[in-house]
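Worksheet for the structure shown next.
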Amino acid sequence: MEKNAGLIPGFETTFVTGPEMSDETLKTLVDRIGGIVTQFGGTVVHNEDWGKRKLAYPISKETRGHYTYFVYTGKGDVVHEIERNLRLNDQVFRFLSVNLEKEFHIDGFKKARADQQAAAKRREEEREARREERMAAMGGERRPYAPRAQSESSDSSEE
């Protein structure tokens, strides 16, 4: 039991805010969440700004949202308090919190995250190399777009 002393639960929270939310307001919200995590004896392990993306479905007549991703540790009701603060903010459309592990290893998470990012970068480089090979095989030219030929009857009806 003693080797597990000091290990606390790990969580991740992703939230979507309105696209018109200013950078300063978003930074204030992120700082507030970081303060809550610290207040509950935890640490912010990872924070990513995923930027503005298209929503899967309209929320409050909005089709785009600003995504932010947090990984953190904490004791007690840290998730409850973060979600309460997100609920009180009118510009937060949705949020989702997930319990990663009861005994969260920060170093293990950071190593796995770095490996994932390196693999994604490697895949992107391979994809770009294949794209360049195809372009070289075609003589460096892109195939021009050729719309389908229309019949004469449809041409005369448009005039």
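Results, tabulated for the structure shown:
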{"read-out": "Neighbourhood net charge (14 Å Cβ-Cβ; Lys/Arg +1, Asp/Glu -1) for VAL79", "value": "-1"}
{"read-out": "Table column - 3J(HN,Hα) (Hz), region 86-103, Karplus curve with 6.51, -1.76, 1.60, x for Gly and Pro", "value": "5, 5, 6, 7, 5, 8, 8, 7, 9, 8, 9, 10, 10, 7, 6, 7, 6, 10"}
{"read-out": "Surrounding net charge for LEU96, when Lys and Arg each add one and Asp and Glu each subtract one, Cβ distance under 12 Å", "value": "-1"}
{"read-out": "Dipole in debye (nearest 20) - region 12-110, about Cα centre, beta carbon charges: Lys, Arg +1; Asp, Glu -1", "value": "320 debye"}
{"read-out": "Nonlocal amide H pairs with ARG94, under 5 Å, H built at 1.01 Å", "value": "VAL16"}
{"read-out": "For region 10-26, Karplus couplings with θ = phi - 60° (6.51, -1.76, 1.60), whole Hz, Gly/Pro x", "value": "x, 9, 10, 10, 10, 9, 10, 10, x, x, 7, 5, 5, 4, 5, 5, 5"}
{"read-out": "Those trypsin sites (Lys or Arg not before Pro) in region 1-98 that DSSP places in a loop and that have at most 12 other beta carbons within 10 Å", "value": "LYS61, LYS75"}
{"read-out": "Chain lengthening between LEU100 and THR28 when straightened (0.36 nm per residue, less Cα-Cα)", "value": "23.4 nm"}
{"read-out": "Region 12-110: Lys pairs at Cα distance under 26 angstrom, eight or more positions apart or on different chains", "value": "10"}
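Throughout, read-outs are computed from the coordinates displayed, never taken from laboratory work. Computed from a prediction, not measured in an experiment: that's the story for all the values here. Cβ sites come from the backbone with ideal geometry, for glycine too, and all protein chains shown count toward neighbours.
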